[in-house]
Amino acid sequence: MHEGPAPQPRTTGRDRYFDTLRALALIRVVTYHTFGWPWAGMAFPSMGIMFALAGTLMAKSLERPAPKVIRSRVRRLLPPFWFWGLFVVVAMLIHDWMPGWQIVFWVLPLGDPPGNAWGEQTWEILWYLRTYLWFVLLSPPLLKLFRPAPVPVLLLSLSPILVFHFLWEPPDDRLGNALTDLATFLFCWLLGFAHREGVLARLKPFAVTVLSLAALGFGAWYAFTHQEETGSYDLDDIPLAQAFFSAGFVTLLLYAKAYFKVDFAGLTRFGRLDRIVTIFNSRAVTIYLWHEIALILAVPLIDQFWNVPAFEKYLPLESQWFMFGIGWLLIGVFVLLCGWVEDVAAKKKPKLLP
């Protein structure tokens, strides 16, 4: 790959392009968990995007001393997790769950926190927080490894998922799950480094486009041709396909930002939309943690609507789209009731809305 335009200057303000991508990623997560569409991951690979954006911010933060950065990141993550986890753990205890020593993972989620089948829909999303936390801890050595040879390291970051798929399959336990998720999204995290370090902006569009489309094509081909293994082409069930498809998709998104200097600065002209994007970014952890509980509560709430003749007659109570709407209303309630914890974790004055 040859050099292209010079790296864009670094800024300290909010980047509305990245903010918009993060908001869209959260919307897609809620949509997927509502409808279960297997193609959703190919339409917009949210988790890869979120890891890449987090990697960019982490590389920026590591311009300061690493221990201080890690403490800050952990501090911002754990209080919202503890606050949410208190309700989930108590609810599972009421429903005949008795934890063992593994309950320590509800304090520090370096491994998947335990739970019972009754609460599985709520706690199964915690793999993202566990993977994010490990990436934060590993970022200082990863950045040191990345800087001397960024492009080779970035390309080689896809090799762990290839090894896990073709040569050695990690065990089906906490360690194995953590290793698989780290390998699946390692490229995306390092891609965030590449953007922050100005590496992407120096690459030729032709080479980036060809390699990105090749990764997209391989990921999609593998997902569609290996459905017999999982019963679906859903990328969430096929780590190898997820890794390559996300790599190609997210590379194009970040390269557009780096090379063409896409910034979405004009979003500020649309006051309400810009405000929504701000809320999504300031309450991202709250939305992610509480959205499954909101979708769960939407079901019995809609069941009560059937007891009101006017609702039964005029509202589409059987529609998943209606449940989707009610789910978002409940997410809004949780943002108002619980979002302040993110302010406290960030050492800010608590607010109902940012």
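The values are calculated or read from the model by the stated rules, or taken from the named source; none is laboratory data. Keep in mind the model is a prediction, meaning the values are calculated, not measured. Neighbour counts are summed over all protein chains in view; Cβ atoms, including those assigned to glycine, are modelled from backbone coordinates with ideal geometry. All accessible areas refer to the heavy atoms of the entire protein, side chains included, with ligands and DNA or RNA removed. Shrake-Rupley method; radii C 1.70, N 1.55, O 1.52, S 1.80 Å.
Condition first: in contact with a Pro (Cβ under 9 Å, 6 or more places away or on another chain) and open to solvent by less than 30 Å² (accessible area, probe 1.4 Å). Now tell me which residues in segment 265-287 satisfy that. Within segment 265-287, 281, 283, 286 meet the criteria.
Among all residues of segment 51-58, there is at least one that is assigned to a helix (DSSP H, G or I) and open to solvent by 70 Å² or more (accessible area, probe 1.4 Å).
Just one residue in the set 216, 162 is touching a residue at least 40 places away in the same chain (Cβ under 8 Å) and assigned to a helix (DSSP H, G or I); that residue is 162. The listed residues are 239, 316, and the only one of them that is surrounded by fewer than 15 Cβ atoms within 10 Å (Cβ to Cβ) and modelled with pLDDT of 95 or more turns out to be 316. For segment 292-313, a tally of residues being within 24 Å of residue 78 (Cα to Cα) and surrounded by 19 or more Cβ atoms within 10 Å (Cβ to Cβ) returns 4. Each residue in segment 63-107 was checked for being among the β-branched types (Val, Ile, Thr), open to solvent by 80 Å² or more (accessible area, probe 1.4 Å) and in contact (Cβ under 8 Å) with a residue 12 or more places away in the chain, and 1 pass. Exactly one residue out of 285, 277, 341 is farther than 19 Å from residue 122 by Cβ and within 21 Å of the chain's Cα centre (by Cα): that is 277.
For segment 170-178, the count of residues that are out of contact with any helix residue (DSSP H, G or I) (no Cβ under 6 Å at 6 or more places or on another chain), part of a loop (DSSP other than H, G, I, E, B), of a type in the set (Asp, Glu) and within 20 Å of residue 142 (Cα to Cα) is zero. Restricting 250, 210 to those that are open to solvent by less than 20 Å² (accessible area, probe 1.4 Å) and of a type in the set (A, V, I, L, M, F, W, C) reduces the list to 250.
In segment 223-236, which residues are buried (at least 22 other Cβ atoms within 10 Å of the Cβ) and under 20 Å from the mean Cα position of the chain (by Cα)?
235
For the structure I just gave you, tell me whether residue 151 is closer than 22 Å to residue 46 by Cβ and modelled with pLDDT of 95 or more. Against the criterion (closer than 22 Å to residue 46 by Cβ and modelled with pLDDT of 95 or more), residue 151 does not qualify. Filtered by the rule that a residue be small (Gly, Ala, Ser), crowded, with 16+ Cβ neighbours inside 10 Å and part of a helix (DSSP H, G or I), segment 115-141 gives 119, 139.
Checked against (1) at pLDDT 95 or above; (2) part of a helix (DSSP H, G or I), residue 272 passes all but condition (1). Could you identify the single residue in 280, 206, 244 that is free of Cβ contacts under 8 Å to residues at least 40 places away in the same chain, of a type outside the set (S, T, N, Q) and either farther than 30 Å from residue 336 by Cβ or in contact with a helix residue (DSSP H, G or I) (Cβ under 7 Å, 6 or more places away or on another chain) (or both)? Just a single option satisfies the conditions, and that option is 206.
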